[in-house]
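Accompanying notes for the structure given below.
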Amino acid sequence: MAFDASALPDVSGLTVGIIGGTGDQGRGLAYRLARAGQRVLIGSRSAARANQAAEEIGALPGLPADATVSGGDNVEVSSRSDVVIIAVPWDGHRDTIAALREPLAGKVVIDCVNPLGFDKQGPYPLRVEEGSAVQQAAALLPESRVCSAFNHVSAPLLADPSIDRIDLDVLICTEERELVGLVAALAARIPGMRGIYAGRLRNAHQVEAFTANLIAINKRYKAHAGIRVTDL
């Protein structure tokens, strides 16, 4: 079956919360989604930091006049959002998610965290007891609808207002096939992006780990490399 963007659902009315929205990846995703007209909430342990980040993102060029970007603490943002993106550092992943089990119940949760370590030889994937970051999230959030996506999107590209298109594919791993369309539709709000089903959660480990390869590519070629799947 060929990729068909016209079959994607309308997600323009959904509120997207970003836990870890004050970090580079979270801010970049918030900017791109707000630029596309999505209602975005920035989450942080500190509501003050989240509000400051929201104000800074809202002042960036390229946003529509009616763009809505606001901040709050993680619990508030989780409660008020329809879809929540987890974009926290790996070392805080477990504790952050465990504390949000109740407000995230029934919500769509997109995990884009990559468990990586760094040494003199460069980045490398870390062993995760549950198998991957998103499998850890799924274990901690049994009442949420969990998937992984946006693992390979370059934060500098996301944050650069001069870039209109980001041509790459977002690999989506989930146990719920119906979530693929929703997440792909969110990805498609960013010009140039496609959301592609890449298997069940057990296949997410290699997706997360491949980020180490992309970092090596970027360092070698001074680029912001992504992934594009052929023949779709």
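The values are calculated or read from the model by the stated rules, or taken from the named source; none is laboratory data. As the structure is a computational prediction, the values presented were derived from the model and not from experiment. Neighbour counts run over all protein chains shown; Cβ positions are idealised from the backbone, glycine included. For accessibility, only protein heavy atoms count, side chains too; no ligands or nucleic acids. Shrake-Rupley method; radii C 1.70, N 1.55, O 1.52, S 1.80 Å.
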Q: State the number of residues belonging to segment 56-89 that are under 13 Å from R45 (Cβ atoms) and either in a loop (DSSP other than H, G, I, E, B) or of a type outside the set (G, A, S) (or both).
A: 7
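Return yes when I18 is in contact (Cβ under 8 Å) with a residue 40 or more places away in the chain, farther than 30 Å from T230 by Cβ, part of a strand (DSSP E or B) and under 15 Å from the mean Cα position of the chain (by Cα) and no when it is not.
Values: in contact (Cβ under 8 Å) with a residue 40 or more places away in the chain: yes; farther than 30 Å from T230 by Cβ: yes; part of a strand (DSSP E or B): yes; under 15 Å from the mean Cα position of the chain (by Cα): yes.
Yes: the conditions hold for I18.
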Q) In segment 139-152, which residue that is open to solvent by less than 10 Å² (accessible area, probe 1.4 Å) and among the aliphatic types (A, V, I, L, M) is nearest to the chain's Cα centre (by Cα)? A) A149
**Q.** Single unsatisfied condition, H205 versus (1) open to solvent by 50 Å² or more (accessible area, probe 1.4 Å); (2) touching a residue at least 24 places away in the same chain (Cβ under 8 Å); (3) assigned to a loop (DSSP other than H, G, I, E, B); (4) under 18 Å from I86 (Cα atoms)
**A.** (3)
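Does D169 qualify as being out of contact with any His (no Cβ under 8 Å at 6 or more places or on another chain) and open to solvent by 20 Å² or more (accessible area, probe 1.4 Å)? Before you say what the answer is, go through the steps one by one.
Details: out of contact with any His (no Cβ under 8 Å at 6 or more places or on another chain): yes; open to solvent by 20 Å² or more (accessible area, probe 1.4 Å): no.
Criteria not met by D169.
Can you name the residue in segment 90-110 that is within 15 Å of L41 (Cα to Cα) and of a type outside the set (D, E, K, R) and, of all such residues, is farthest from the chain's Cα centre (by Cα)?
Narrowing segment 90-110 to residues within 15 Å of L41 (Cα to Cα): 103-104, 107-110.
Then drop every residue that is not of a type outside the set (D, E, K, R), which leaves 103-104, 108-110.
On the way: P103: 19, L104: 16, V108: 12, V109: 9, I110: 6 Å.
Taking the candidates together, the pick is P103.
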**Q.** Subset of segment 212-229 [in a helix (DSSP H, G or I) and open to solvent by 20 Å² or more (accessible area, probe 1.4 Å)]
**A.** N213, I215, A216, I217, N218, K219, R220, Y221
Q) Out of segment 154-164, which residues are out of contact with any Pro (no Cβ under 7 Å at 6 or more places or on another chain), open to solvent by 10 Å² or more (accessible area, probe 1.4 Å) and in contact (Cβ under 8 Å) with a residue 60 or more places away in the chain? A) S154, A155, P156, L157, A159
Q. Does segment 32-39 include one or more residues that are part of a strand (DSSP E or B) and open to solvent by 10 Å² or more (accessible area, probe 1.4 Å)?
A. yes
Q: Give me the pairs, please: first residue somewhere in segment 54-77 and free of Cβ contacts under 8 Å to residues at least 60 places away in the same chain and β-branched (V, I, T), second residue anywhere and open to solvent by 60 Å² or more (accessible area, probe 1.4 Å) and not in a helix (DSSP H, G or I), beta-carbon distance under 6 Å, and either six or more positions apart or on two chains.
A: T68/R39
Q: Those residues that are of a type in the set (V, I, T) and touching a Cys at 6+ places or on another chain (Cβ under 7 Å), I need them from segment 87-130; list them, please.
A: I110
